[in-house]
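Presented below is the structure to which this report refers.
A short reminder: the numbers here are calculations on the coordinates, not readings from a lab. All of these numbers come straight from a predicted model, not from anything done at the bench. In this analysis, Cβ positions are derived from the backbone assuming ideal geometry, glycine residues included, and neighbour counts consider all displayed protein chains.
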Amino acid sequence: MALQKYIRLDDALCAYVRDHRSDRTDPVWRDLREATIRLGAVAEMMIPEEEAALLSVLVGALRVRRAIEIGTFTGASGLAIARGLAEGGTLISLDKNEEWTRIAQDFWRRAGVADRIDFRLGAALASLESLAEEPIFDFAFVDADKTGYDSYYERLLPRMRTGGVLLFDNMLREGRVLESDLPDDPDTASIRRLNEKLREDSRIEGVLLPIADGIYFCRKR
Ligand SMILES: C[S@@+](CC[C@H](N)C(=O)[O-])C[C@H]1O[C@@H](n2cnc3c(N)ncnc32)[C@H](O)[C@@H]1O
């Protein structure tokens, strides 16, 4: 007997999930979402509400003081992480797009978390390589160009503390990771290679979570 211990989400169930989180009526989040939607098709890059809520809960539960994210966009994940940080905690947020990240910084100010976020404009790899030796991070969230994930991983992992948590977003690629031939989709091909690498990587303990578009959850051993 095959035990199917999962459920398929449809729109109604997904709306139900979204409606059952803390702070769901937060006006800053609502306005940030609306401002992002006004940008048009790129708005789909924003993380969904339940993922943002997970980031806040997780960062709070882990008592994170030093966090980093790659892929700021309009600031949703940064807002969620910053809100969960422990007293005195800081988030380094990296992105190369000036227009979108101006929106992020406006909303971070409005939410009262701007002083916890050190935003760095530029190509993420160069920003990572220019970081001082300190800090060692407790938490990292990677949500930028998919072909860059593995390079970000190799640069971030040595900078994570033992037991630190590193999350990769979009690791299911809306299900395309199952396609065997991906000549026209280098992003998904890269993500598939990284999923395989993480599964075998003894430097971390990891699990691929079917939340939002798939989150690979890694803990540094
Ligand atoms: C999926 S969005 C991030 C969404 C964001 N985490 C959120 O919560 O809404 C991806 C972001 O990565 C940025 N990006 C893509 N390639 C990059 C690179 N090489 N260096 C820095 N940022 C990059 C894009 O400008 C975009 O804002």
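Applying Stokes-Einstein at 37 °C and 0.692 mPa s to the Kirkwood radius of the range 24-220, computed over alpha-carbon pairs, gives a translational diffusion coefficient of 195 µm² s⁻¹.
In this rough spin-label picture, where each label sits 7 Å from Cα along the Cβ direction, the E44-L131 distance is 3.0 nm.
Applied to the range 117-133, the Karplus parametrisation 6.51 cos²θ - 1.76 cosθ + 1.60 on θ = phi - 60° returns per-residue 3J(HN,Hα) values of 10, 9, 8, 10, 7, x, 4, 4, 5, 5, 4, 4, 6, 8, 5, 5, 4 Hz, with x for Gly and Pro. Sorting K5, K197 by the number of Cβ atoms found within 10 Å of their own Cβ, with the fewest placed first, yields K5, K197. When the GluC sites (Glu not before Pro) in the range 46-95 are filtered for DSSP coil states and for at most 13 other beta-carbon atoms within 10 Å of their beta-carbon, the remaining sites are E87. Evaluated with a Cβ-only charge set (Lys, Arg +1; Asp, Glu -1), the chain carries a dipole of roughly 760 debye about its Cα centre, given to the nearest 20. The residues packed around L172, meaning those with a beta-carbon under 13 Å from its beta-carbon, carry a net charge of -2 if Lys and Arg are +1 and Asp and Glu are -1. A simple spin-label model places pseudo-atoms 7 Å from Cα toward Cβ; at R102 and L182 they are separated by 3.5 nm. For the range 24-38, backbone phi angles converted through the Karplus equation (6.51, -1.76, 1.60; θ = phi - 60°) give residue-by-residue couplings of 6, 9, 4, x, 5, 4, 4, 5, 4, 4, 5, 5, 6, 4, 5 Hz, Gly and Pro being listed as x.
Amide hydrogen proximity for G164: with H placed 1.01 Å from N in the peptide plane, the residues at 5 or more positions away or on another chain lying under 5 Å are K220. Annotation: amide H-H contacts under 5 Å for D213 (H modelled 1.01 Å from N, sequence separation of 5 or more, or interchain): N170. Going from the fewest other Cβ atoms within 10 Å to the most, the residues T36, T162 appear in the order T162, T36.
Computed from backbone phi with θ = phi - 60° and the Karplus coefficients 6.51, -1.76 and 1.60, the 3J(HN,Hα) list for the range 135-151 is x, 8, 8, 8, 8, 9, 10, 10, 8, 10, 4, 5, 6, x, 3, 5, 5 Hz; x is used for glycine and proline.
Taking amide H as placed 1.01 Å from N in the peptide plane, I92 has its amide H under 5 Å from the amide H of A67, I68, E69, D118, each at least 5 places away in sequence or on another chain. Taking all Cα pairs closer than 8 Å and separated by 6 or more residues, the relative contact order of the range 77-221 comes to 20 percent.
Please arrange L32, L9 by how many other C-beta atoms lie within 10 Å of their C-beta, fewest to most. Before the final figure, lay out each step's value.
Details: L32 24, L9 12.
The most exposed by this proxy come first: L9, L32.
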